[in-house]
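Below: one structure, written as structure tokens.
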Protein chains: 2
Amino acid sequence: MSTLHPRATSADADLLSADGPSADQAPPRIVIQYPRPSVDGGRYPVKRCVGDVVEVSADVFRDGHDLVRAVIRWFAPDGRAGEAELEWIDVHLGGVRWAGAFAVDQPGRWRYTIEAWTDVFGTWRDELARKVAAGQSELAGELSEGAVLLRRAARHVRSPEARAVIEDAHAELADASGSASAKCVTALNEALRAAIEREPQRHAAVSLDEPLIVEVDRRRARFGAWYEMFPRSWGGLRGVQAQLPRLAELGFDVVYLPPIHPIGVTHRKGRDNAPTAAPGDPGSPWAIGDASGGHDAVHPDLGTLHDVRALTEAARAHDIDIALDFAINASADHPWLTEHPEWFHRRPDGTLKYAENPPKRYQDIYNVNWDTPDWRGLWDALLQVMLQWVDCGVRVFRVDNPHTKPFGFWAWLIDEVHRRDGDVLFLAEAFTRRSVMRHLAKLGFSQSYTYFTWKNGRWELIEYLTELADTEEAEYFRPNFFANTPDILHEYLQRGGRPAFEARLVLAATLSPTYGLYSGFENYENVPVHDGSEEYLHSEKYEIKRRSLDGPMLPMIATLNHVRRESPSLQALSNITFLDTGNDGLIAYAKQTGADTTICVVCLDPHQPQSGWVNVPASLGLAPAFTVHDVLSGERYQWRIGQNFVALAPYWRQAHVLKVAPG
Amino acid sequence: MSTLHPRATSADADLLSADGPSADQAPPRIVIQYPRPSVDGGRYPVKRCVGDVVEVSADVFRDGHDLVRAVIRWFAPDGRAGEAELEWIDVHLGGVRWAGAFAVDQPGRWRYTIEAWTDVFGTWRDELARKVAAGQSELAGELSEGAVLLRRAARHVRSPEARAVIEDAHAELADASGSASAKCVTALNEALRAAIEREPQRHAAVSLDEPLIVEVDRRRARFGAWYEMFPRSWGGLRGVQAQLPRLAELGFDVVYLPPIHPIGVTHRKGRDNAPTAAPGDPGSPWAIGDASGGHDAVHPDLGTLHDVRALTEAARAHDIDIALDFAINASADHPWLTEHPEWFHRRPDGTLKYAENPPKRYQDIYNVNWDTPDWRGLWDALLQVMLQWVDCGVRVFRVDNPHTKPFGFWAWLIDEVHRRDGDVLFLAEAFTRRSVMRHLAKLGFSQSYTYFTWKNGRWELIEYLTELADTEEAEYFRPNFFANTPDILHEYLQRGGRPAFEARLVLAATLSPTYGLYSGFENYENVPVHDGSEEYLHSEKYEIKRRSLDGPMLPMIATLNHVRRESPSLQALSNITFLDTGNDGLIAYAKQTGADTTICVVCLDPHQPQSGWVNVPASLGLAPAFTVHDVLSGERYQWRIGQNFVALAPYWRQAHVLKVAPG
């Protein structure tokens, strides 16, 4: 990439005609269309991570037969700019596709555009070459044209060496006494071409109407293992801090804490979501605020602001992020209800409207009124809350139900936070219609919860992953595959027991670069509050547990987390190829990044053994026969292009995670 | 459709909050995206014909659970405007898709946008209904809110009847002494809903950033049968005129004439493209211009301007269009070369650059220099040429090689002509890369030549028709399926003889609403200039033929043209369903428009009989058993949903064109 010399796209008007400059420029001849990567035709940013190479392509063409040339022009957040070549690729997409790439080496908002121009000298040279090859000899006109082009090129170049080469060629072509055939040899000389190519003239260059935006995040935006823990079940913030060495050892990258703020007492929910709390019931952490404080306060039982700062600092030493919950709702005791009654929805009869989705009522929570005339005050207060936690070292927020808040608010909030700290990541907890989830991601959320929890069959997993990995969604929607949450205990886990937990763990950890577990998963916790419910019995949302990191799944989790870190192929999403198994009870897929290949085979049946033939297609580019190493069992197998027999069985071996040995 | 009351989309700000108007408006809550029909996200117009119903759809959603409403707002070329309802459709596309339609009843540039708003009363009513249904009784707050909404609604409506209903309801809800249950009955009353629905309030309405454009043409832009004839082979323009009654009887809609202008003498091409003309050789009509005139003149052997006018008038009486060729090149003798030397490319040594694609040279033709400083003069002269012919009654132009001229010129020219006469149609003769052909269509060409001539196998026909009919291309690219042209005699016709001609005729006439034949097709003319060439031996491009309308295929052509006119299903493109035949030698497809169904089965093998089972899927909605009438043979068959045996054979019966009898 060379340093960019900014240039107006209409600068070369004087080259348009042999008759000299034209003040009155005709419309451009070149069309640039369908640039990729892009989201909704450029309306929203594309997402990438630091260190990525952005593969760019676009249609570039003009009328007639003249040669065109094209480059990517990129602009970094720090003001640097540069160019990268675009090359014409195959005719498969209609014969007008060009491709190139540039690297993004810092976080922030990058921009790129495409510039294309007519290669006047190249076109002339190419036509002359074809005439010479065809033995045509009446070339005086062509050579006189060449002399004019070379005179201009000599005026254009800055390099003295290149100018000397071009001037010599010009002198020969302009010499009326010279021989035509000798002139042709000079004109087609490779050294002349190289001299002109050093600083090619951009004849009537055109660019995209608007540059495209690439939002570049730190790599954790795409790749990480999350662990969710209620600090009150671990001895508060200091208790969480005490677990950090073990969490690091297990390979977790993000520790996510549900709200750590004071909890309301009015209409507090009791155990198992009882409408009335019994004495001593702690209430739901999402019913935020009491007389002691609201979103900017720490629940006194959990610790202090100082403890938050100490926790984030300790976590950073392990390269772990502490993620806080950002839930915009208030208990009846939240200070804002009295300090800012205008931020809440009061009915004409004076009553306050609590959260509801009729006929359901959430009497312990009040939503803010986004239509308040003081919406700017409300927005700013929420920004200040978030900035306080950023100031305490929090760099990740899990945002509660963003789809019930205005889209414009999120776009603004994320932008405001990123102006102060580009490292802050936002995970959208929106379980709603696809379009709404996608829209939140387009507006700036770094990651999103997904439908993964409800995709347990082979066909629906393949369908869903294909959507996430192979459509435009892959440009902006980064999935976070939580295998469970405090709200979602899927029937598959309830009925499948340990084999189901193993299958879901392997799927989450290997399908998606980012995945998560809510504590208890490692203990196979799977009793619902009642049959048909996805709520846990004795849900931690309403009571305090005694938690410790000693569940039987932890060794498997640690193994997976470590192989993920060592495997570039497990750090990307769109590098997946599903493999035929001939058995819907077995799902198999290969992930490939560079020379790193991982093949996973998971038995989706938690009850019965399943066997089948996993078909490795030649298109993966592996050796005809190759060795694979199962990181879960330590065993090695000889595999091949084509059919490979696999037998898996619950309580014996639920999955293979196979690293392909370098060939 | 109601008459549109223009309304600013931010007009209803005072409804945003119960606390009154907010001067400082928060960003809109509703998202409208992916409107269809559209081309490249709205960058280029969609094409439709007069009388079409434009089926519109879009994603419409907002945050939270409030109900949204949406309409299409359309604007006709004559200034009329109106609205059409959009309704929420199934969840299949993500749960946010809305659909509606509006009719276009005049040619010109229509616009439409989508407006959506939050249905405040509907949301309130819906929540109240759910609470009442759940037996909740503490509804005083809700009812006080309803009273406010009804007071506003009463202020908003203009209809006295509706206002009375609303005011009565308001009085009841606002009465502090009334019973809550009676108030609920009133609030949920259907008459009240209907009164409010008469003029619903549009709370915080939003629209698309830009309206979308629908270019509406007369119906011949989509549907017509073309016949191409060199007037010099038919006794000049008067000879063509004499054929009009017979052409009308045969069912042709457009008679296309290659250039009718004087032909250059310098470097005139001889028979079979010989580099030198023999005495008496007429030259190629595309080598335009001699001392007597250029693009605005008529070749003296063909007639006069007066004859052109007489021809177009006579044609109009038969509802036939005369299409002229628009070829922008000049013979060495064209007056422009002396009158406007600056419009041509002169080399620095003074030589004029003739048309070439090295090493090929076209010494009888000079291209204009689009890069001339006087490009405006050149563009304007070309516009004047076209307007002269429009003035002579010409309403269709077949444009020669538009892909070698600037895109901007065509966009401008078509627009300028349409400002004067919206009925003028433009057929692009561009055989080049898909993207370039598509781009010309996006810029305004009404119709386009296609790759049809080179698609002779079953799979490639299906692939190509699927591209034309089922992708966004269908919104702007109207194919004209010429079965042959003076430049293209495909090997399939050369080797296949009469059966091949029959197959290609039926395919052209039934696959595409617009198709064409170049004269000689009806005589099975198929001798190439040499083996491996697509040029005719004794090509009419370089010599005069004696033509008459008596070829053996004419009865079949007339039959097809008439069934096309009687069959709405043969007047559309995107209504095609390919049917399985289990035999690559047989292609079968159904076309359906409303109650009209045509099923075609064509034997693609011109040498051997082919038989197979044509599978009629139940999804076509036909009766379990139905009668079909073969318009080619007059025979009737009993067909059914499922498999239907078909046997076709060269020289006996090459195709079925089956009209399904009304069930």
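The values are calculated or read from the model by the stated rules, or taken from the named source; none is laboratory data. Note that the structure is a prediction, hence the values are computed from the model and not measured. Because the Cβ atoms are built from the backbone with ideal geometry, glycine has one as well, and the counts that use them run over all protein chains shown. The area values use the complete protein model at the heavy-atom level, side chains included, leaving out ligands, DNA and RNA. Shrake-Rupley method; radii C 1.70, N 1.55, O 1.52, S 1.80 Å.
For this structure, a couple of remarks:
- Residue in the stretch A:495-515 that is over 30 Å from A:Gly41 (Cα atoms), touching a Cys at 6+ places or on another chain (Cβ under 6 Å) and outside the structural domain of A:Gly42 (by TED's automatic domain parsing) present: yes
- Residue within the stretch B:95-110 that is out of contact with any Ser or Thr (no Cβ under 6 Å at 6 or more places or on another chain), of a type in the set (Val, Ile, Thr) and more than 30 Å from B:Arg419 (Cβ to Cβ) present: no
- The condition of being of a type in the set (A, V, I, L, M), over 27 Å from B:Gln363 (Cβ atoms) and outside the structural domain of A:Arg43 (by TED's automatic domain parsing) does not hold for A:Leu149.
- Among the strands (runs of 3 or more DSSP E) confined to the stretch B:344-408, the ones with at least 2 residues that are more than 8 Å from every other protein chain (Cβ to nearest Cβ), within 24 Å of B:Ser435 (Cα to Cα) and within 26 Å of the chain's Cα centre (by Cα) are located at B:396-400.
- Only a single item in (1) out of contact with any Ser or Thr (no Cβ under 8 Å at 6 or more places or on another chain); (2) surrounded by fewer than 23 Cβ atoms within 10 Å (Cβ to Cβ) is not met by A:Glu199, and it is number (1).
- Residue in the stretch B:237-259 that is open to solvent by 30 Å² or more (accessible area, probe 1.4 Å) and hydroxyl-bearing (Ser, Thr, Tyr) present: no
- Residue count, the stretch B:494-517 (criterion: under 15 Å from B:Leu573 (Cα atoms) and without any contact (Cβ under 8 Å) to a residue 60 or more places away in the chain): 1
- Test result for B:Phe407, touching an Asp or Glu at 6+ places or on another chain (Cβ under 8 Å) and farther than 23 Å from B:Leu517 by Cα: yes
- When the stretch B:144-162 is filtered for residues that are in contact (Cβ under 8 Å) with a residue 24 or more places away in the chain, more than 13 Å from chain A (Cβ to nearest Cβ) and out of contact with any His (no Cβ under 9 Å at 6 or more places or on another chain), the ones remaining, listed by number, are B:His156, B:Val157, B:Arg158, B:Ser159, B:Glu161, B:Ala162.
- Qualifying residues in the stretch A:300-343 (those that are in a helix (DSSP H, G or I) and small (Gly, Ala, Ser)) - the one most open to solvent (accessible area, probe 1.4 Å): A:Ala317
- Remark: B:Ala661 falls outside the filter, which requires a residue to be crowded, with 19+ Cβ neighbours inside 10 Å and closer than 29 Å to B:Asp52 by Cα.
- Criterion: of a type in the set (A, V, I, L, M), closer than 26 Å to B:Val298 by Cα and at pLDDT 95 or above - qualifying residue of B:Ala327, B:Ala355: B:Ala327
- Residue under evaluation B:Ser22, criteria (1) within 7 Å of chain A (Cβ to nearest Cβ); (2) at pLDDT 70 or above, criterion not met: (2)
- Filter result for the condition that a residue is at pLDDT below 95 and of a type in the set (D, E, K, R), over B:Arg361, B:Arg309: B:Arg361
- Scan of the stretch A:51-73 for residues that are at the interface with chain B (Cβ under 10 Å from one of its Cβ atoms) and at positive phi, ordered by number: A:Gly64
- Residue check, A:Trp412 closer than 27 Å to A:Asp217 by Cβ and either within 11 Å of another protein chain (Cβ to nearest Cβ) or in a helix (DSSP H, G or I) (or both): yes
- For the stretch A:539-558, a tally of residues being among the β-branched types (Val, Ile, Thr) and open to solvent by 50 Å² or more (accessible area, probe 1.4 Å) returns 1.
- Picking from residues in the stretch A:529-538 that are part of a loop (DSSP other than H, G, I, E, B) and free of Cβ contacts under 8 Å to residues at least 60 places away in the same chain, the one that is most open to solvent (accessible area, probe 1.4 Å) is A:Asp531.
- Pairing each residue of the stretch B:539-554 that is under 30 Å from B:Leu632 (Cα atoms) and outside the structural domain of B:Gly280 (by TED's automatic domain parsing) with any residue that is among the charged types (D, E, K, R) and surrounded by 16 or more Cβ atoms within 10 Å (Cβ to Cβ), provided the two are 6+ apart or on different chains, yields C-beta distances under 6 Å for B:Gly551/B:Glu522; B:Met553/B:Glu522; B:Leu554/B:Glu522.
- Looking at the stretch A:419-528, the helices (runs of 4 or more DSSP H) lying wholly inside it that each contain 1 or more residues that are touching a helix residue (DSSP H, G or I) at 6+ places or on another chain (Cβ under 7 Å), within 14 Å of chain B (Cβ to nearest Cβ) and open to solvent by 10 Å² or more (accessible area, probe 1.4 Å) sit at A:434-443, A:458-470.
- Of the criteria (1) touching a Leu at 6+ places or on another chain (Cβ under 7 Å); (2) modelled with pLDDT of 95 or more, which one B:Arg163 fails: (1)
- Applying the criterion of being facing chain A (nearest Cβ under 10 Å) and on the phi > 0 side of the Ramachandran plot to the residues of the stretch B:85-143, the residue that is surrounded by the fewest Cβ atoms within 10 Å (Cβ to Cβ) is B:Gly135.
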